[in-house]
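Read-outs throughout are calculated quantities, based only on the coordinates presented, and are distinct from any laboratory measurement. Everything numeric here is computed off the predicted structure, so don't read it as measured data. For neighbour counting, all protein chains shown are included, and Cβ atoms are generated from backbone atoms with ideal geometry for every residue, glycine included.
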Amino acid sequence: MSDDFRMLPHDIEAEMSALGSAMLTPNAANVVFTQLSTEHFYRVKHRLIFRAIVDLYRCGEPVDAVSVCAQLETAKALEQAGGMPYIHDLVSFVPTAANVGFYVNRIRELGTKRIAIEELTRIAEYGYSDAATADEMLTATADALMTFRAMATDDDAIEGFSTLGAFVNESDEDHDWLIPGVLERMDRVIVVASEGAGKTTFARQVAVQLAAGVHPFSWHSRIPPVRTLYVDLENPPALVRRKIRHLVNQGREYSGWDDDRAWRWTRPGGIDLRKPHDQHLVDRVIAESGAEFVAMGPLYKAFTEAGEKAEIVNGQVARVLDGYRERHGITLWLETHAPMEQQGHRSLRPMGSGVWSRWPEFGLAMRKSKSNPNRVHLERFRGDRDERSWPHHLERSSPWPWSPVWDGGFPIEEATSA
């Protein structure tokens, strides 16, 4: 092959695997839909198949080989897309949809490079023309940058974009409760405390109780069981096992418990959510567990710094977490340490950056009681974004480690309406 002809970057097998995965599970279809655009695909027939998947997904229709073939047939593009046998071959080509994040990252990387090569080559060729001016070259370069950025979106209507009048005319939806009266789906919670205050036990307890269908702040109230994922980024697996065994055995006492509903991932060395490899691993464990509630911590072990400004680093990590929240519809519960004591006072704000003070819907601070060693006060390091019935205190108890306490002794039903 001569140097005058070089293949543009692409990976046909990755494209086949991503499309096949999208037709296997709704989670995989969501990843493909939200992270790729038509131009990312090299093969024309893969672009047609991707477009059919997008159309089905947006209409809330099932995405599988049969529905994709029907959609392509409706668009009179089935034969151009390889025909029915090729669509079914894509599904059988990929052994599991669990690795869809890897395929998507590969396609996006190569697709972006390919578009860049094509656009910049066009600009370079135009630059050799006697008619080209410096201003025109700058304009062409700016247009190319717009093209690269547009690859992350489609040309259709932008979701969530409308006039205020049309927006308020829509009917209000009921709360999409994960924990009735306390947490909705896609809420973000950060719990900060000093060492030994019990924030890790609190996170584990909530994860197990939700999986058992127990309201964390009203033990006699049954709620629909929730699929949960507990991610420990600090403690060795043996220690986590010893600490969480009692909680799991307690959860098993309830009829709503199912071992397949509660998951854990232990990474005592931490992860780095700024690296694509670790981002993909987290995507995988969320997808494979089917988690609706993810408790993770400590936050400082979720990324590494290399001398950059703290606001930039933490802002990047926050965007990655928001990506998981949007793609998977999860509620996030993060725990983090408080800064060390200064001048006899310890601030109960998230350690490291102001990003985390602005980011969550609910910023909880567990402050040890000076008068009662078995109690912590549940304070705020930021104002709640919505009215919810969080308890005022937590007290060490049995059989669950923490029990809720309201000032005045309100049960949760009264606290909700107070």
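Tabulated data for the structure shown
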{"quantity": "Highest-fluctuation residue, PHE93, PHE362, PHE33 considered, GNM on the chain with Cα pairs under 10 Å", "calculated": "PHE93"}
{"quantity": "Residue among GLY165, GLY198, GLY181 with the largest mean-square fluctuation in a Gaussian network model of the chain, springs linking Cα atoms under 10 Å", "calculated": "GLY165"}
{"quantity": "Karplus-derived 3J(HN,Hα), 6.51/-1.76/1.60, for each residue of region 372-379, Hz, glycine and proline x", "calculated": "9, x, 9, 10, 10, 8, 9, 9"}
{"quantity": "Proxy reagent accessibility, fewest Cβ within 10 Å first, across ASP260, ASP55, ASP172", "calculated": "ASP172, ASP260, ASP55"}
{"quantity": "Using a Förster distance of 35 Å, the FRET efficiency for ARG242-ARG222 (Cβ separation, nearest 0.05)", "calculated": "0.75"}
{"quantity": "Order of LYS309, LYS243 - criterion: other Cβ atoms within 10 Å of each residue's Cβ, fewest first", "calculated": "LYS309, LYS243"}
{"quantity": "Förster radius 35 Å - calculated FRET efficiency between ASP272 and THR74, Cβ distance, rounded to 0.05", "calculated": "0.20"}
{"quantity": "Residue order, fewest to most beta carbons within 10 Å, for CYS59, CYS69", "calculated": "CYS59, CYS69"}
{"quantity": "The chain - mean residue ellipticity at 222 nm from DSSP helices (-39,500 (n - 2.57) per run, n ≥ 4, rounded to 500)", "calculated": "-13500 deg cm²/dmol"}
{"quantity": "Between 0 and 90°, nearest 10: helix 65-74 axis offset from the chain longest Cα axis", "calculated": "50 degrees"}
{"quantity": "Local electrostatic count at HIS280 - Lys and Arg +1, Asp and Glu -1, tallied over other residues with Cβ under 15 Å", "calculated": "+2"}
{"quantity": "Violating pairs (Cα-Cα greater than 28 angstrom) within the set LYS113/LYS275; LYS301/LYS370; LYS275/LYS309", "calculated": "LYS301/LYS370"}
{"quantity": "Long-range amide H partners of ARG274 with built H, under 5 Å", "calculated": "THR304"}
{"quantity": "Shape box of region 228-326 [Cα atoms, principal axes, largest first, Å]", "calculated": "48, 29, 20"}
{"quantity": "Residues with amide H under 5 Å from that of TRP265, placed H, sequence gap 5 or more", "calculated": "TYR230, VAL231, ASP232"}
{"quantity": "Distance between modelled label sites at ARG43 and ASP322, nm, 7 Å Cα→Cβ extension", "calculated": "3.6 nm"}
{"quantity": "Using alpha carbons only: equivalent-ellipsoid semi-axes of region 1-65, gyration tensor based, whole Å", "calculated": "27, 11, 9"}
{"quantity": "GNM result for the chain, Cα springs below 10 Å: residue of ALA81, ALA193, ALA207 fluctuating most strongly", "calculated": "ALA81"}
{"quantity": "Projected-area mean, region 12-150, by convex hull of Cα positions, square nanometres", "calculated": "9.2 nm²"}
{"quantity": "The chain: Cα Rg divided by the 2.2 N^0.38 Å rule of thumb", "calculated": "1.16"}
{"quantity": "ALA116 paired with ASP135, simple spin-label distance in nm, labels 7 Å along Cα-to-beta-carbon", "calculated": "3.0 nm"}
{"quantity": "Ranked packing of 185-192, 367-374, most packed first, by mean Cβ within 10 Å", "calculated": "185-192, 367-374"}
{"quantity": "Alpha-carbon centroids, region 70-140 and region 196-231: separation in whole Å", "calculated": "44 Å"}
{"quantity": "Between 0 and 90°, nearest 10: helix 276-289 axis offset from the chain longest Cα axis", "calculated": "60 degrees"}
{"quantity": "Under the Karplus curve 6.51 cos²θ - 1.76 cosθ + 1.60, θ = phi - 60°, whole-Hz ³J(HN,Hα) for region 198-206, x wherever Gly or Pro sits", "calculated": "x, 5, 5, 4, 4, 4, 4, 4, 4"}
